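Asks: Below is a structure I'd like to ask you about.
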Amino acid sequence: MGGSLPARTTRVVGFGAAAGFVHPVTGYSVAASLRAATRVANEIVQQLSRGTAGTDLSLAVWGAVWPKHSVRARGWHDMGLAVLSALPPRLIGGFFDAFFELPQAQWSAYLRIDSEPAEVRAAMLGVFRRVDMPTRLALVAQPAALVRALGAR
């Protein structure tokens with residue numbers, strides 16, 4: 001969980017857990033794979049009907065497996081994992097209390113790997129607003145994770 005996405009340049013394009021569809025925080029993967037299956041299959045059919053092959057085919061399919069918005073959302077999820085992993089144990093209960101105080105639509109969007117990046121950020125900001133000051137300070141103590149999230153492409 002929380003590992004890197006597969007390289008775009010590989011000739012064999014993974015799908016599901018093999019493609020990194022495991023949510024970095026929750027470990028869930030099956031539902032996202034099922035939601036992506038039609039999109040990826042359609043891209044394969046379209047590319048093969050055009051005669052696309054080799055690296056060009058792999059790149060096109062990789063883009064269907066990981067559309068840009070999903071790569072960006074994954075960057076924010078990876079940041080969430082880094083920040084949560086670094087929280088002192090005494091702050092974790094309050095963090096999760098704040099998370100589940102969010103409206104259900106907001107926290108459930110965070111728990112999906114295929115949410116829009118703005119939905120992931122909104123959930124993160126909602127938690128930040130609800131936690132106490134010691135937890136806020138701990139959350140902002142991971143600037144490298146923020147830089148990586150901002151650079152996710």
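Just so you know, all these numbers are worked out from the coordinates, no wet-lab data involved. Just so it is clear, the model here is predicted, and its values are computed rather than measured. Reconstructed Cβ throughout: ideal geometry from the backbone, glycine too, with neighbour counts over all protein chains shown.
Asks: Multiply the residue gap between Ala122 and Thr9 by 0.36 nm, knock off their C-alpha separation, and tell me the result in nm, one decimal place.
Replies: Numbers: separation 113, 0.36 × 113 = 40.68 nm, distance 3.19 nm.
Roughly 37.5 nm would be gained on extension.
Asks: Then there's this: Taking the Cα centre of the range 24-153 as origin, work out the dipole magnitude from +1 charges on Lys and Arg Cβ and -1 charges on Asp and Glu Cβ, in debye rounded to 20.
Replies: Values: 14 positive and 9 negative charges, 38 e Å.
I would put it at about 180 debye.
Asks: Additional query: Obtain the nm distance between the two label points defined at Asp132 and Leu59 by a simple spin-label model: each point lies 7 Å from its Cα along the Cα-to-C-beta direction.
Replies: Between Asp132 and Leu59, the label points sit 5.3 nm apart.
Asks: Quick one: what do you get for the range 69-150 if you divide its Cα Rg by 2.2 N^0.38 Å? Please report the intermediate quantities before stating the final value.
Replies: Values: Rg = 11.9 Å, N = 82, 2.2 N^0.38 = 11.7 Å.
Dividing the Cα radius of gyration by 2.2 N^0.38 Å gives 1.01.
Asks: For the chain, state the semi-axes of the equivalent ellipsoid (square roots of 5 times the eigenvalues of the alpha-carbon gyration tensor), sorted largest first and rounded to whole angstrom. Before the final figure, lay out the partial values.
Replies: Numbers: eigenvalues 223, 45, 27 Å².
Those come to 33, 15, 12 Å.
Asks: Next question, about the same structure. Can you pull the Kirkwood radius for the range 16-66, inverse mean 1/r over Cα pairs, to one decimal in Å? Present the calculation step by step, with values, prior to reporting the outcome.
Replies: Working: mean 1/r = 0.0864 Å⁻¹.
When all Cα pairs of the range 16-66 are included, the Kirkwood radius is 11.6 Å.
Asks: By average Cβ neighbour count within 10 Å, what is the ranking of 66-77, 125-136 from highest down?
Replies: Details: 66-77: 20.0, 125-136: 15.2.
Taking the mean over residues of other Cβ atoms within 10 Å, the ranking is 66-77, 125-136.
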